[in-house]
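Take a look at the structure set out below.
The values are calculated or read from the model by the stated rules, or taken from the named source; none is laboratory data. Every value quoted in this text rests on a predicted model; they were computed, and no experiment measured them. Counting neighbours? That spans all protein chains shown, and the Cβs are built from the backbone with ideal geometry, glycine included.
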Amino acid sequence: MARIELEKPVREALVRALSRYLKDELDVEVGRMDALLFLDFISETMGPHFYNQGLADAQAILQARLEQISEAISEIEKPAKL
């Protein structure tokens, strides 16, 4: 799987959010570089699990929609006489 690349503004916002969370909830102050490294660690180790779950959720929704379409097509099918 290719590495998940976040756009710079999103990455910076996540770094700020992570720093704020660590300070507010754990009373741990970290600098921008430490927060960035922590974000990279989280992204690389946990990110694929969230990504894969998102794909599974999307696939389940798509499958349900395809079943609805198939049923709708079956309902409008006309009997054919030979």
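Quick notes on this one:
- Number of positions in segment 25-68 that are touching a residue at least 24 places away in the same chain (Cβ under 8 Å) and surrounded by fewer than 10 Cβ atoms within 10 Å (Cβ to Cβ): 0
- Selection of segment 44-57 for residues being within 18 Å of residue 4 (Cα to Cα), assigned to a helix (DSSP H, G or I) and not β-branched (Val, Ile, Thr) yields 44, 47, 48, 49, 50, 51, 52, 53, 54, 55, 56.
- Qualifying residue in segment 5-21 (condition: touching a helix residue (DSSP H, G or I) at 6+ places or on another chain (Cβ under 6 Å), among the polar types (S, T, N, Q) and part of a helix (DSSP H, G or I)): yes
- Of all residues in segment 1-24, those being farther than 25 Å from residue 54 by Cα and either exposed (fewer than 11 other Cβ atoms within 10 Å of the Cβ) or at pLDDT below 95 (or both) number 1.
- Residues within segment 58-82 that are among the charged types (D, E, K, R) and outside any helix (DSSP H, G or I), tallied: 3
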